[in-house]
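First up is the structure itself, then whatever we jot down about it.
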Amino acid sequence: MGPETRTCQNCSGPFVIDTEDFQFYEKIKVPPPLCCPPCRKRRRFGHLMRVPKFFKKKCSAPGHNEEVVTIYPPDSPHKIYDFDFYQSDGWDPLDYGKEFELGRPFLEQFRELFFEMPHLPLERDPSALNCEYTLGGRHGKNNYYASMTYATTDSQYCMDARFCKDVFDCNLINNCELCYEAVGSDKCNNCSFIDYCENCIDSYFLYDCKNCSNCYFSYNLRNRSYVFKNEQLSREEYEERIKKIDFGDRDEIRKQKIGFREFSDGALRRNVHNINVANCAGDGLTESKNCHFVFRGSKGEDLKYCDIFISTKGSIDLLNSADGENNYESVVVFGSNNKFCMYCRNVESSEFCVECRNCSNCFGCIGLRNKRFHIFNKQFSEDEYWVRVNAIKNKMSEREEYGEFFSLKLGLMPYQSSFGQMYFPLDVESVGEMGIPWYAEPALKLSTEEVLKNDDLPTKIVDTGDDVLQKTITCEESGAPYRLTKIELDFYRRMNLPVPRKHPWRRIQDRIKREHGMILYPFLCPKCTEESWSVYNEEDQKRYKIYCEKCYLKEVV
């Protein structure tokens, strides 16, 4: 079939299905999607629980009554087992097996099974050390209130920090050490308040700088040292000026943050930032080819509408995937030939499965380990499995159920704690109109009797004693209570930085705004007039000076 324009069943907007898309759908035997790419993306993002937002909820394991750390609000209908018991042989997912009823909708029956089954309180690496308050990631140690920390140690309040050590309040960083408030940066050491920098050391307030040391309040620098507000100085001049700035003073830092936002508006920006790619349209890509409308991935090939991936090939509509090919409409899937799955690792040729490991040829299953030919957690012979799966798919197709990922209306994951809420935020009224469940969240309880009002928090780090660790602080914006950890306070002292006045959740939300978005907009380079795509929307394209990569490299490198 040739390119075809259709109407999204969710937003009623038009969208195009290309010839290559039709060929892919035919190869994996699914009907074309009913919703446009942005609506499908929001649906997937609404199921990705990688936002460090935690609750306490009663464990439902037999003989247990303790509260455990979880992503699910305590009043939500999700039944959870504590992390160790869930991973043990103390229960059998097959005990929850059900006979599928052809006369009833698939998603209705799947939702019933989902809420009858116990679930992991949160998905984290079982081999991680001292990482109870973390989500996703691998090989972590001593991480707290963080998500997607890969081979990272001693980090707090970070999202997607890989191969890092001693990093606090950072997003999208790699191979960094002793960094604070860094976003989108790589191989930086002893740096604070930097965005999209590489190989920088001993610097503050930088944007898009590379191979720099001892630089301050600057942008678009390359291979420079002792630059102050984009002015080249001698070492002596630089050190003299930098001594006059008290980075440990909260009021001084606040003033500098505001000033740097205005100052860095004058930086030259590239429309997208990719490294070593061929025939790609996206952002945050490395070592990839033939990828279109994809973001934040490496070693991808022949992908479309995919986000956050590594070593993934020949797939469409994926979020957080690795080491697989021929996958479709899935979230956190490691394996090949899977459709409509989430939180499945080492799974092959399965559909509509959740939280399964080391499985193949399973359909509508939850929590299985080392299984084959199961439907709704019941085992069948190989021949009977295929007969039953075909019958189920036929009925689903009649109801237009087959071919679409899990609806947000099912409430399988709490939208308010998902990537969806971070990048496509909704309020209680909006989700009510859309029919998406919004699970009530308890008010934060004070863990100490002594409350330190935000205005009473010492302005300077040198005036902040250890007694602050025994007190509860209130967020200057939301009023929500939060505590400091000893490791955190030691970090601020080591870096000569003031104690933050905002709750960690608010700080994470602030950093999200500094990230490149994950939507492409049409872009016309003002330098060479070449048409392409950009992560900057139409308004930002008017506000900033943005070039295509070719023109950008001529100016900056």
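I'd like to verify a number: residues in segment 535-557 that are closer than 15 Å to His516 by Cβ and not in a helix (DSSP H, G or I), how many?
Selection size over segment 535-557: 5.
With surrounded by fewer than 19 Cβ atoms within 10 Å (Cβ to Cβ) and not assigned by TED's automatic domain parsing to the domain that holds Asn370 as the only criterion, which of Arg50, Arg104 stands out?
Details: Arg50 fails: surrounded by fewer than 19 Cβ atoms within 10 Å (Cβ to Cβ).
Among Arg50, Arg104, only Arg104 is surrounded by fewer than 19 Cβ atoms within 10 Å (Cβ to Cβ) and not assigned by TED's automatic domain parsing to the domain that holds Asn370.
Could you tell me which numbered condition Ala161 fails, if it satisfies all but one of (1) buried (at least 19 other Cβ atoms within 10 Å of the Cβ); (2) aliphatic (A, V, I, L, M); (3) in contact (Cβ under 8 Å) with a residue 24 or more places away in the chain?
Status for Ala161: all satisfied but (3).
Scan segment 379-397 and give yes if some residue there is exposed (fewer than 15 other Cβ atoms within 10 Å of the Cβ), of a type in the set (Lys, Arg) and over 22 Å from the mean Cα position of the chain (by Cα), otherwise no.
Filtering segment 379-397 down to residues exposed (fewer than 15 other Cβ atoms within 10 Å of the Cβ) leaves 381-384, 386-387, 390-391, 394, 397.
With of a type in the set (Lys, Arg) added as a condition, the list becomes none.
No, segment 379-397 contains no residue that is exposed (fewer than 15 other Cβ atoms within 10 Å of the Cβ), of a type in the set (Lys, Arg) and over 22 Å from the mean Cα position of the chain (by Cα).
For every residue, the table says whether it meets (1) in contact (Cβ under 8 Å) with a residue 12 or more places away in the chain; (2) assigned by TED's automatic domain parsing to the domain that holds Lys313; (3) closer than 30 Å to Val294 by Cβ.
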| residue | (1), (2), (3) |
| --- | --- |
| Pro31 | yes, no, yes |
| Asp92 | no, no, no |
| Gly97 | yes, no, no |
| Arg111 | yes, no, no |
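For residues that are in contact (Cβ under 8 Å) with a residue 24 or more places away in the chain, within 15 Å of Ile173 (Cα to Cα) and among the hydroxyl-bearing types (Ser, Thr, Tyr), tally how many sit in segment 116-155.
Result for segment 116-155: 1.
Consider segment 279-310. How many of its residues are surrounded by fewer than 21 Cβ atoms within 10 Å (Cβ to Cβ) and β-branched (Val, Ile, Thr)?
Total meeting the criteria: 2.
Tell me, which residue of segment 83-107 that is in contact with a strand residue (DSSP E or B) (Cβ under 8 Å, 6 or more places away or on another chain) and closer than 24 Å to Ile71 by Cβ is modelled with the lowest pLDDT?
Across segment 83-107, the extreme among qualifying residues is Phe83.
How many residues does segment 62-71 hold that are touching a residue at least 60 places away in the same chain (Cβ under 8 Å) and crowded, with 22+ Cβ neighbours inside 10 Å?
Residues in segment 62-71 being touching a residue at least 60 places away in the same chain (Cβ under 8 Å) and crowded, with 22+ Cβ neighbours inside 10 Å: 1 in total.
Residues that are of a type outside the set (Phe, Trp, Tyr) and touching a strand residue (DSSP E or B) at 6+ places or on another chain (Cβ under 9 Å): does segment 396-405 have at least one?
Kept after step one, since they are of a type outside the set (Phe, Trp, Tyr), are these residues of segment 396-405: 396-401, 403-404.
Within this subset, residues satisfying the condition of being touching a strand residue (DSSP E or B) at 6+ places or on another chain (Cβ under 9 Å) are 403-404.
Checked segment 396-405: at least one residue is of a type outside the set (Phe, Trp, Tyr) and touching a strand residue (DSSP E or B) at 6+ places or on another chain (Cβ under 9 Å).
Under the condition of being in contact (Cβ under 8 Å) with a residue 60 or more places away in the chain, of a type outside the set (Ser, Thr, Tyr) and more than 22 Å from Asp317 (Cα to Cα), which residue from segment 515-548 is surrounded by the fewest Cβ atoms within 10 Å (Cβ to Cβ)?
So, considering only residues that are in contact (Cβ under 8 Å) with a residue 60 or more places away in the chain, of a type outside the set (Ser, Thr, Tyr) and more than 22 Å from Asp317 (Cα to Cα), the one surrounded by the fewest Cβ atoms within 10 Å (Cβ to Cβ) is Arg543.
Among the residues of segment 227-243, is there at least one that is free of Cβ contacts under 8 Å to residues at least 24 places away in the same chain, under 30 Å from Arg296 (Cβ atoms) and surrounded by fewer than 19 Cβ atoms within 10 Å (Cβ to Cβ)?
So far as segment 227-243 goes, yes, one or more of its residues are free of Cβ contacts under 8 Å to residues at least 24 places away in the same chain, under 30 Å from Arg296 (Cβ atoms) and surrounded by fewer than 19 Cβ atoms within 10 Å (Cβ to Cβ).
Do we have any residue at all in segment 157-174 that's assigned to a loop (DSSP other than H, G, I, E, B), at pLDDT 95 or above and more than 19 Å from the chain's Cα centre (by Cα)?
no
Go through (1) under 15 Å from Arg514 (Cα atoms); (2) touching a Phe, Trp or Tyr at 6+ places or on another chain (Cβ under 6 Å); (3) surrounded by fewer than 22 Cβ atoms within 10 Å (Cβ to Cβ) and name the single condition Gly184 misses.
Every condition holds for Gly184 apart from (3).
Does Cys59 count as buried (at least 16 other Cβ atoms within 10 Å of the Cβ), at pLDDT 95 or above and in contact with a Cys (Cβ under 9 Å, 6 or more places away or on another chain)? If you could, list the steps in order and put the result at the bottom.
Numbers: buried (at least 16 other Cβ atoms within 10 Å of the Cβ): yes; at pLDDT 95 or above: yes; in contact with a Cys (Cβ under 9 Å, 6 or more places away or on another chain): no.
Answer is no for this residue.
Identify, from the list Ser218, Ser225, Ser203, Ser192, the residue that is more than 29 Å from the chain's Cα centre (by Cα) and among the small types (Gly, Ala, Ser).
Ser225
Out of the residues in segment 402-435 that are touching a Gly at 6+ places or on another chain (Cβ under 7 Å) and outside any loop (DSSP other than H, G, I, E, B), which is surrounded by the fewest Cβ atoms within 10 Å (Cβ to Cβ)?
Ranking the candidates gives Lys409 first.
For a quick check of your reading: which strands (runs of 3 or more DSSP E) sit entirely within segment 230-334 and have at least 1 residues that are among the small types (Gly, Ala, Ser)?
Qualifying strands (runs of 3 or more DSSP E): 275-325, 328-334.
Look at segment 467-506 and say how many of its residues are of a type outside the set (Ser, Thr, Tyr) and either in a loop (DSSP other than H, G, I, E, B) or closer than 18 Å to Phe55 by Cα (or both).
20
The values are calculated or read from the model by the stated rules, or taken from the named source; none is laboratory data. What you are looking at is a predicted structure, and each value in this text was computed from that prediction instead of being measured. With ideal geometry, Cβ positions are generated from the backbone for all residues, glycine too; neighbour counts draw on all protein chains shown.
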